[in-house]
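For reference, the structure discussed in these notes is given below.
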Amino acid sequence: KNARMGGGNAQKSATKRAKNAEKAAKNAGGKSQLATNQKAMTLVCSVCRTSFMCTMSESNLRQHSDSKHPNKTFQECFPTYSA
């Protein structure tokens, strides 16, 4: 009687571990958005040097200039801004 009964899951487990290790190595760089967000911070207030994302609307930028720098104009705060 050389018939084997059942069989272990050791091979399946080892294969799964190997595949997961490959997957982890491939994603080692991570999926963090922080670096991309930092690159998008291209609008800078000339008065206080606060950075804003390039997708910031003009109304939000105006709100910043009005509340933080009431004695300055919008153009003085964001001279490079173009709609």
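The values are calculated or read from the model by the stated rules, or taken from the named source; none is laboratory data. Just so it is clear, the structure is predicted and the values come from calculations on it, not from any experiment. Heads up: the accessible areas ignore ligands, DNA and RNA and are worked out on the full protein's heavy atoms, side chains in. Shrake-Rupley method; radii C 1.70, N 1.55, O 1.52, S 1.80 Å.
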At 1.4 Å probe size, put Lys26, Lys16 in order of accessible surface, largest to smallest.
Lys26, Lys16
Please give every one of the lysines within straight-line cross-link reach of Lys12, meaning a C-alpha to C-alpha distance under 23 Å, and leave out same-chain neighbours fewer than 8 residues apart.
Lys23, Lys26
For the chain, which whole percent of the accessible surface, found with a 1.4 angstrom probe, sits on carbon and sulfur atoms?
51 percent
Determine how large the accessible area of Cys48 is when every protein chain is in place; take a 1.4 Å probe and give Å² rounded to the nearest 10.
60 Å²
Once every DSSP H run of n ≥ 4 in the chain is given -39500 (n - 2.57) and the sum is divided by its residues, what mean residue ellipticity at 222 nm do you get, rounded to the nearest 500 deg cm²/dmol?
-13000 deg cm²/dmol
